[in-house]
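I have placed the structure first, in the form of structure tokens, so that the comments after it can refer back to it.
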Amino acid sequence: MDAISAFAEIIMKRRKFIQQGALAGSFLGLGSLGIHDAFAKSTTVYPPYKKHSFNLKYAPHIGMFKELAGDDPIAQLEFMAAQGFTAFEDNEMRNRPVAQQEAMAATMKKLGMTMGVFVAHKIYWTDPNLASGKQAWRDEFLADIKSSITVAKRVNAKWMTVVPGHVDLRQNMAYQTANVVETLKQASAILETHGLVMVLEPLNFRNHPGLFLSESPQAYQICKAVNSPSCKILFDIYHQQIQEGNLLPNIEQCWNEIAYFQIGDNPGRNEPTSGEINYKNVFKYIHSRGFEGVLGMEHGNSIKGKEGEQRVIDAYVKSDGFI
């Protein structure tokens with residue numbers, strides 16, 4: 001049995017013990033607080049295999065290694081850390097039960113992992129919520145930002161994703177931009193006092209047609225207009241390869257406003273080396289600029305099952321090996 005299979009077997013045995021043994025009964029009696037405490041104190045003995053040492057903070061997400069680590073989010077975090085990943089991101093963190101948020105946060109702290117982004121608000125895929133300038137939509141967005149502050153503090157997050165919604169087909173683009181900037185200024189004023197950062201994510205026209213924010217220069221212009229340390233760019237390399245290409249020059253132009261990256265190869269939106277993007281060069285450039293933030297692995301696996309999950313790990317080892 002190889003080391004990865006041995007690790008997976010250990011995780012599955014632990015889960016079976018929890019389900020069938022004394023801990024299962026204690027969970028039922030303790031409620032959500034008991035579950036949090038038990039998760040936070042859980043430990044796993046890892047088999048002796050090489051732990052990768054990455055140059056950048058790549059952040060997997062829940063489900064990426066479920067075949068190797070099992071369904072338990074805590075076991076998945078432990079597996080990520082055992083492989084050498086030092087960060088984690090979770091778009092759905094805001095919607096998870098509080099006890100689960102606390103358990104995941106405690107595990108990340110124990111493992112020395114940095115929490116990446118989560119989505120901060122309700123995203124409107126077909127309505128112009130921020131571009132319209134309507135007060136009701138602005139108030140809803142600001143309320144979501146305020147509630148996300150609580151989540152961010154609970155899980156030790158610094159960044160939260162913001163997508164301004166659909167374009168308003170009844171307004172000139174300049175008016176829409178002014179509406180978005182005003183809303184983001186108000187959100188930034190809320191976030192600044194907490195040292196938190198919303199990162200604006202431009203999305204490509206093919207996967208998300210009709211959205212207001214689609215290009216990195218547009219995001220750069222908005223961040224400059226908002227002029228706040230709490231309003232920066234999430235540069236999703238997959239989206240921008242489709243939308244505009246010219247990746248390294250655009251990253252260079254936007255550098256001072258970029259706070260976060262996300263990863264995905266094209267076509268397919270899977271792990272590096274599965275498509276056309278030269279991620280070794282992209283990662284080399286980002287590293288050369290002294291980037292110390294998180295790069296979210298917001299992509300699928302090109303192959304299903306354990307083989308595909310191991311391929312993801314191998315792809316990051318290969319693409320990160322630029323020094």
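Counting every alpha-carbon pair across the stretch 120-225, the share separated by more than 19 Å comes to 40%. Counting only the backbone N, which residues of the stretch 292-307 are under 20 Å from the spot 7 Å out from the Cα of LYS51 toward its beta-carbon? Under 20 Å, as judged by backbone N against the label point of LYS51, lie 294-295 of the stretch 292-307. Taking amide hydrogens as placed 1.01 Å from N in the peptide plane, the amide H of ILE258 sits under 5 Å from those of ILE233, each at least 5 positions away in sequence or on another chain.
Placing a pseudo-label 7 Å from each Cα along the Cα-to-Cβ vector at ASP314 and LEU248 gives an inter-label distance of 2.7 nm.
Determine which residues of the stretch 115-151 fall in the zone a paramagnetic label at ALA189 would reach in this model, i.e. backbone nitrogen under 14 Å from the point 7 Å along Cα→Cβ. The answer is 139, 142-143.
Considering the zone a paramagnetic label at TRP125 would reach in this model (a point 7 Å from Cα along the Cα-to-Cβ line), which residues of the stretch 168-205 have amide N under 18 Å from it? Correct set: 168, 201-205. Using θ = phi - 60° in the Karplus curve 6.51 cos²θ - 1.76 cosθ + 1.60, the 3J(HN,Hα) couplings for the stretch 215-224 round to 10, 5, x, 5, 5, 4, 4, 5, 5, 5 Hz; x is entered for Gly and Pro. Between amide H atoms placed 1.01 Å from N, distances below 5 Å from THR161 occur with PHE118, VAL119, ALA120, VAL199, all of them 5 or more places distant or on a separate chain.
With only Cα atoms counted, the stretch 53-320 has Rg and Dmax values of 18.0, 52 Å. Taking 25 °C and 0.890 mPa s as conditions, the stretch 186-323 diffuses translationally at an estimated 156 µm²/s according to Stokes-Einstein applied to its Kirkwood radius (Cα pairs).
Over the stretch 53-320, what is the relative contact order in percent, taking alpha-carbon pairs closer than 8 angstrom and at least six residues apart? For the stretch 53-320, the relative contact order is 19 percent. How many angstrom separate the Cα center of the stretch 65-94 from the Cα center of the stretch 289-321? Computed from Cα coordinates, the inter-centre distance equals 13 Å.
Once the chain from GLN221 to GLN171 is taken as fully extended at 0.36 nm per residue, the excess over their C-alpha distance is 16.1 nm.
Of the peptides 94-101, 192-199, 234-241, the ranking by mean beta-carbon count within 10 Å, highest at the top, reads 234-241, 192-199, 94-101. First check a/c for the stretch 79-130, with a ≥ b ≥ c the square roots of the eigenvalues of its C-alpha gyration tensor; if it is under 1.5, answer rounded, and if not, answer prolate when a/b is larger than b/c or oblate otherwise. Prolate is the answer for the stretch 79-130, as a/c is 1.5 or above and a/b outweighs b/c.
DSSP loop trypsin sites (Lys or Arg not before Pro) in the stretch 212-284 with at most 10 other Cβ atoms within 10 Å of their Cβ, which ones?
none
Between the amide H of ASN266 and those of GLY275, GLU276, ILE277, distances stay under 5 Å, these residues lying 5 or more places away or on another chain, with hydrogens modeled in the peptide plane. Considering all C-alpha pairs of the stretch 165-255, those separated by over 22 Å amount to 29%.
Read the figures in this text as sums done on the coordinates, not as results from a lab. None of these values were measured; they are calculated from a predicted model. Cβ: placed from backbone, ideal geometry, glycine included. Neighbour counts: every protein chain shown.
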